[in-house]
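The values are calculated or read from the model by the stated rules, or taken from the named source; none is laboratory data. For clarity, every value in this text was computed on a predicted model and none was experimentally measured. Here the Cβ positions follow ideal geometry from the backbone for every residue, glycine too, while neighbour counts run over all protein chains shown. Protein only, heavy atoms only, side chains kept; ligands, DNA and RNA dropped before computing areas. Shrake-Rupley method; radii C 1.70, N 1.55, O 1.52, S 1.80 Å.
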Amino acid sequence: METLHITNTLNRKKEKFEPLVEGHVGLYVCGPTVYSTAHLGNVRTFLSFDIVYRYLKHLGYKVRYVRNITDVGHITNSAGDDVDSIGNQAKLENLEPMEIVQKYTISFHDTMKIFNLEAPSIEPTATGHIVEQIEMVQRIIDNGYAYEKNGSVYFDVPKFAKEHSYGKLSGRNIDEQQDGYRELDAQDEKNDPRDFAIWKGVDETFPMRWNSPWGEGVPGWHLECSVMSTKYLGQKFDIHGGGMDLKFPHHDCEIAQSIGADGTEPVRYWMHTNMLTMNGQKMSKSLGNSVLPLELISGNHELLEQGYSPMTIRFFMLQSHYASQLDLSNDALQAAEKGYKRLANAFDLLDKVEHNGKENISDEEEKAVLKLIQDCSVYMNDDFNTAQTLAVLFEMSNKINAIYNKQFDISLLSKATFDKMKATFAAFFTNVLGLKSEKSEGSNGVTDGLMDLILEIRKSARENKDWTISDKIRDELKALNIVVKDEKDGGTTWTVG
RNA sequence: GGUCGAAUGGCCGAGUGGCUAGGCAGUGCUCUGCAAAAGCAUCUACAGCGGUUCGAAUCCGCUUUCGACCUCCA
């Protein structure tokens, strides 16, 4: 594929991507609710959109990437009681709601950084856009798609559905939804069980609340995304993403709200990432099978045999397509760890291999490498196929390794092609896939100096064919997790891990 | 019950109507003082049953199994 194609979950078809404004892309992703630590499933979704963001930029687009922070606890009805997730957590931790928000926002940012995710261009908060949310509620009321009851405002789904399509993202038929709903609670004031709150009146027992034309309350869950995407990207914008589990009701409601308020279908390309599973089941807090990023890195979790580095985890996730379910398991992670190391090792060699200037070009080899170079883009253009792109990088690493170890005659390639392969490998490894070498993190000036000294001593031992000493040094270092490699040309390298 | 999506070799995972994805593990060879790494070669596949087709793991139907959403979730 010469140009980027994206699977649009609105129609489940792979479509050619053409931005609204040439050269610019507006990207909105539903961010986290900051009332607890993000788990790995959350990381997977944001990682998937990190790739989208990075690749769009790689293609030369100017991207405005908006990812919100939900810092208003949505009011949910649990066992007849209204509960606000952030307020609830604040009570548990004996903190102010905004302290909870601050604590978990920082934690979220730290986690994103650990996995080398780029920060979005704008990270707006729900609490920072209360005014705009009230205004949007008013527009929806003015347009006749919402009604006020006892200080709350509800979106009138049946009325909207008569004039527009409702539930098309999730493929839901409005008329068939009646049965699936629970019996109305006695205090439920909606006209129809399918209606949803866009403003929810609360009393003084809720610490987070704002004044509005309908009394004190909090904005509805779905509203903030509609408001902030409209504010920063416009009434109509290019890409809206999120986890599959947000398709319904969250995203279907967003569409309804935008049309209800401004008469505009807001999103041109919807993207949904699939779930990370653990033992075949969706990872979620309520199921109690979630793994926290730091637990996976340290290995400190009852289901884990060992810890895995952040880049191993990133690589592991990139080996599958974002739209497929991915199951977390020790076997898969261990395989990923070795695979990542192999690729990272080739990346580290890029600086050490140079073309010798002699060209005795083989058409076949030249063509094969040129195809690899092109394939990186071809596969990324095909709905961000990171798995295939990694496969191409592995093929390039074969070449790079072979050249480095003099198992392949570099003169069979032109200097131009060879240099292009190096540049492509580096660009896709670091900029597009967001991987980096973790090697250097175990060393510093002192270790480097010590290692030089030790290896110098070992070198003289080897020159004297004193294998006892040289092997002892190698074995003892190995016990310290330092791997020593003797290379063909007589040199010796070392790595941690 | 409704909606949607899966089922690929020992494991993980891409994927297209005809052309060996890739990684991990295994086997053989080369290189090497020995290792390690690396390179080359090689072995295990497309849930089952029908259908469409010159040709299907890929399209269609049925069966079985599994998952997601329908309540907060990325």
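Looking only at residues in segment A:273-293 that are farther than 23 Å from A:T9 by Cα and exposed (fewer than 14 other Cβ atoms within 10 Å of the Cβ), which one is farthest from RNA strand B (Cβ to nearest atom)? Residue satisfying both the conditions and the ranking: A:G288.
Considering segment A:371-394, and only residues there that are open to solvent by 70 Å² or more (accessible area, probe 1.4 Å) and more than 20 Å from A:G434 (Cβ to Cβ), the residue that is nearest to the chain's Cα centre (by Cα) turns out to be A:Q374.
Just name the residue that is farthest from the chain's Cα centre (by Cα) out of those in segment A:199-226 that are aliphatic (A, V, I, L, M) and open to solvent by 10 Å² or more (accessible area, probe 1.4 Å). Among those residues, the one meeting the criterion is A:V202.
Let's see how each residue does on (1) open to solvent by less than 80 Å² (accessible area, probe 1.4 Å); (2) not assigned by TED's automatic domain parsing to the domain that holds A:A346:
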site	(1), (2)
A:T424	yes, no
A:T447	yes, yes
A:L453	no, yes
A:A461	yes, yes
A:N464	no, yes
A:I473	yes, yes
A:A479	no, yes
A:K488	no, yes
A:T492	yes, yes
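Counting only strands (runs of 3 or more DSSP E) wholly contained in segment A:57-176, the ones carrying 3 or more residues that are open to solvent by 50 Å² or more (accessible area, probe 1.4 Å) occupy A:75-78.
Residues of segment A:20-35 include at least one that is within 11 Å of RNA strand B (Cβ to nearest atom), part of a loop (DSSP other than H, G, I, E, B), assigned by TED's automatic domain parsing to the domain that holds A:S226 and of a type in the set (S, T, Y).
Assess whether A:V353 counts as being open to solvent by less than 20 Å² (accessible area, probe 1.4 Å), outside the structural domain of A:E18 (by TED's automatic domain parsing) and touching a residue at least 60 places away in the same chain (Cβ under 8 Å). Yes; evaluated as a whole, the condition is true for this residue. Checking each residue in segment A:37-56 for being more than 8 Å from RNA strand B (Cβ to nearest atom) and assigned to a loop (DSSP other than H, G, I, E, B) picks out only A:T37.
Restricting segment A:235-256 to residues that are open to solvent by 10 Å² or more (accessible area, probe 1.4 Å), out of contact with any Leu (no Cβ under 8 Å at 6 or more places or on another chain) and in contact (Cβ under 8 Å) with a residue 40 or more places away in the chain leaves a set whose member that is farthest from RNA strand B (Cβ to nearest atom) is A:P249. Do you know which residues across segment A:1-58 are over 22 Å from A:Q374 (Cα atoms), charged (D, E, K, R) and in contact with a helix residue (DSSP H, G or I) (Cβ under 7 Å, 6 or more places away or on another chain)? Residue satisfying the conditions is A:R44 alone.
Matching residues to (1) open to solvent by less than 30 Å² (accessible area, probe 1.4 Å); (2) more than 20 Å from the chain's Cα centre (by Cα); (3) among the β-branched types (V, I, T):
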| position | (1), (2), (3) |
| --- | --- |
| A:E295 | no, no, no |
| A:N300 | no, yes, no |
| A:Q306 | no, yes, no |
| A:S324 | no, no, no |
| A:D327 | no, no, no |
| A:A332 | no, no, no |
| A:R342 | no, yes, no |
| A:A346 | yes, yes, no |
| A:E364 | no, yes, no |
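Would you call A:Y61 closer than 30 Å to A:M278 by Cα and either touching a Ser or Thr at 6+ places or on another chain (Cβ under 7 Å) or among the aromatic types (F, W, Y) (or both)? In short, no.
Pairs are defined by a Cβ separation below 8 Å, a sequence spacing of at least 6 or placement on different chains, a first member in segment A:392-410 that is within 8 Å of RNA strand B (Cβ to nearest atom), and a second member that is among the aromatic types (F, W, Y) and modelled with pLDDT under 95; the pairs so defined are A:K399/A:F408; A:A402/A:F408.
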